[in-house]
Amino acid sequence: MIWDEIEIPKEVRHFMLEGAEETVLGQKNGAKKQYRYGNLHIREYDDKYLVHMDKVDPRIDPLGHLVQDAPEILVGVASGLVAGNKVSSSVYKLQKNMPFAKGASIFAGLVASVIAGYAGYTISKKLKEF
């Protein structure tokens, strides 16, 4: 969770901590690159750096990071799994005697999974901002 994000304009201070590692872990939010230095998460943009401290370093404890710092991802995944499973099994029960019933139920489940997962992620991310 981002409690305090600090903006450092590049025109004021062009910096990078020695030992900071470029990483793909984390939401880029439009950044060109992102770095990690322990629990410090640094996003680099054309004109600035945005820096915040995570509670858990995802390189050391990925699940702990999701639980503590990015629970909206877990909510999105869980929402997608539950909705996809429910829709897929419901569609299959309705069409089990029809040709392509399996394919139709899998497709419907995937579509529901994506929609529900995105909705769960988006709603929980908005709630987290309060």
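Computed from the coordinates by the stated procedures, all read-outs in this text should not be read as laboratory data. It should be emphasised that the depicted structure is a prediction, and the values quoted were computed from it without experimental measurement. Note that we place each Cβ from the backbone using ideal geometry, even for glycine, and neighbour counts take in every protein chain shown.
Observations on the structure shown:
- Virtual spin-label span in nm between Asn29 and Ile8, 7 Å along Cα→Cβ: 1.6
- Counting neighbouring beta carbons within 10 Å and listing from fewest to most, the residues Phe100, Phe107, Phe130 come out as Phe130, Phe100, Phe107.
- Length gained on full extension, Ala78 to Tyr118, computed as 0.36 nm times the residue gap minus the Cα-Cα distance: 13.3 nm.
- Diagonalising the gyration tensor over the Cα atoms of the stretch 70-128 and scaling each eigenvalue by 5 before taking the square root yields semi-axes of 28, 7, 7 Å, largest first.
- Selected from Leu40, Leu94, Leu50 as most flexible by GNM, with the chain as the system and alpha-carbon contacts under 10 Å: Leu94
- Annotation: Cα Rg of the stretch 6-61 relative to the compact-globule expectation 2.2 N^0.38 Å equals 1.06.
- Lysine pairs in the chain whose alpha-carbon atoms fall under 21 angstrom of each other, counting only those eight or more residues apart or on distinct chains, come to 18.
- Karplus 3J(HN,Hα) series, Hz, for the stretch 32-49 with 6.51 cos²θ - 1.76 cosθ + 1.60 (x for Gly, Pro): 6, 9, 9, 10, 10, 9, x, 8, 7, 10, 10, 10, 9, 10, 4, 10, 7, 10
- Sorted peptide list for 51-62, 20-31, 80-91, criterion being average Cβ within 10 angstrom, highest first: 80-91, 51-62, 20-31
- Binning all Cα-Cα separations of the chain at 5 Å, short to long from zero, yields these whole-percent fractions: 2, 11, 14, 16, 14, 11, 9, 7, 6, 4, 3, 1, 1, 0.
- Residues whose placed amide H lies under 5 Å from that of Lys33, excluding near-sequence neighbours: Glu44
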